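Every number in this text was worked out from the coordinates using simple rules, so none of it is lab data. Predicted model only: the values in this text are computed from it and were never measured. Cβ atoms come from the backbone with ideal geometry, glycine included; neighbour counts cover every protein chain shown.
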Amino acid sequence: MKHDIAGRFLDIAPEVQATLAAGRAVVALESTIITHGMPHPHNVATAREVEAVVRENGAVPATIAIIGGRIKVGLSDAELDWLGTATDVMKLSRADLPYAVASGRHGATTVAATMLCAHLAGIRVFATGGIGGVHQGVEDTMDISADLDELARTPVAVICAGAKAILDLPRTLEYLETRGVPVVGYGTDRFPAFWSRTSALSVPLRLDSPDAVADLIRTKEALGLDGGVLVANPVPAADEIPADEMKDFIDTAVAEAKARGVAGKAVTPFLLSHLFEKTAGRSLATNIALVKNNAALAAQLAVSLAR
Ligand code: PSU
Ligand code: MN
């Protein structure tokens, strides 16, 4: 852990602190999914369930958010509840994090900011739903999520269900390859598309057990290679929405966002809530299932890494 930074800016929950000090398994969890990714009360209920799944699989959860300018690593029940309905919460990526800290603001951490804070605290594994990536229409907007560059520079393993299928998935994979990020299909040769188990894309690498992923991470560290590892874990079959069923919904949502001039940070939350309405809640149920599935694998990976 970077002690000087930790002492000045981080409030690490006592249980998380003790677990890290003992060299045992901790899994970081993000908070943008709570404030900007799911409607209340599903957001808070899911956050609690995800923490429980991490515990059931032998690790300690550390949900990360910025509250009053303090980087909280591990939230109390009261803090989590508050976050579920709070309105004055910034969506923080790497670019905004120092602003939120310096000005004492509240902020929810995206994948990029969560990786950054997890690393400051000494946490090596992080579970989310789906990472941000290269947006459709990037030729015009240059909208590429900072999540991708964070994966290239910060040594945290991110367990996700692929990139959200609202994105340009081929370009997202190309960008990750360019930036030197290992992308591992967990038990699959196909790159999963968030709500769907498969996409038209093959995944660059494949591993089939938490121990094998842990070995990859240790080897990467031993070689002195910086940056993270992306583990793409398909949503369980029982919970998936097949890609052909999602396609029309996604096309409509993307067109609607464009027509309304939705841009920047607002794009992903807009698309997710639009899809929630258009699929009559089905996209949300799948989102919840895949986050829990990722939390289980992340905990197993953290346990394996801690051995
Ligand atoms: N996974 C989900 N729901 C979400 C996100 C991930 O299941 O809302 C969030 C993550 O915080 C991710 C962000 O970093 O969406 C991507 O935002 P953007 O495209 O603006 O970088
Ligand atoms: Mn963006």
Assuming R0 = 25 Å, what is the FRET efficiency of residue 99 and residue 263, from their Cβ-Cβ distance, to the nearest 0.05? 0.80
Taking neighbour Cβ counts within 10 Å as the exposure measure, how do 144, 250, 159 sort from fewest upward? 144, 250, 159
Percentage relative contact order, the range 6-306, counting C-alpha pairs under 8 Å, at least six apart: 21 percent
Just want to confirm a number: the relative contact order over the range 203-307, from Cα pairs under 8 angstrom separated by 6+ residues, in percent. 42 percent
Taking neighbour Cβ counts within 10 Å as the exposure measure, how do 283, 199, 273, 103 sort from fewest upward? 103, 273, 199, 283
Label point distance in nm, residue 179-residue 226, each placed 7 Å from Cα along Cα→Cβ: 1.3 nm
In terms of modelled amide H atoms, which long-range or inter-chain residues lie less than 5 Å from the amide H of residue 201? 191
For the chain, what does the convex hull of the Cα positions come to per residue, in cubic angstrom? 120 Å³
Rounded to the nearest 5, the percent of DSSP beta bridges in the chain running antiparallel is 30 percent
Under 5 Å, built H, 5+ apart or other chain: amide partners of residue 185: 205, 206, 207, 232
Please give every one of the lysines within straight-line cross-link reach of residue 265, meaning a C-alpha to C-alpha distance under 29 Å, and leave out same-chain neighbours fewer than 8 residues apart. 72, 91, 164, 247, 278, 292
Sites residue 18 and residue 208 - FRET efficiency at Förster radius 25 Å, r taken between beta-carbons, to 0.05: 0.15
Of the residues 182, 232, 194, the Cα lying farthest along the dipole of the range 151-246 towards its positive end, which is defined by charges on the beta carbon of Lys, Arg, Asp and Glu, belongs to 182
As a test, work out the antiparallel percent of DSSP beta bridges whose residues both lie in the range 85-159, rounded to the nearest 5. 10 percent
A convex hull over the alpha carbons of the range 86-158 yields, per residue, a volume in Å³ of 117 Å³
Rounded to the nearest 20 debye, what is the charge dipole size of the chain about its Cα centre when +1 sits on each Lys and Arg Cβ and -1 on each Asp and Glu Cβ? 520 debye
Cα gyration tensor shape of the range 201-273, rounded if a/c is under 1.5, else prolate or oblate by comparing a/b with b/c: oblate
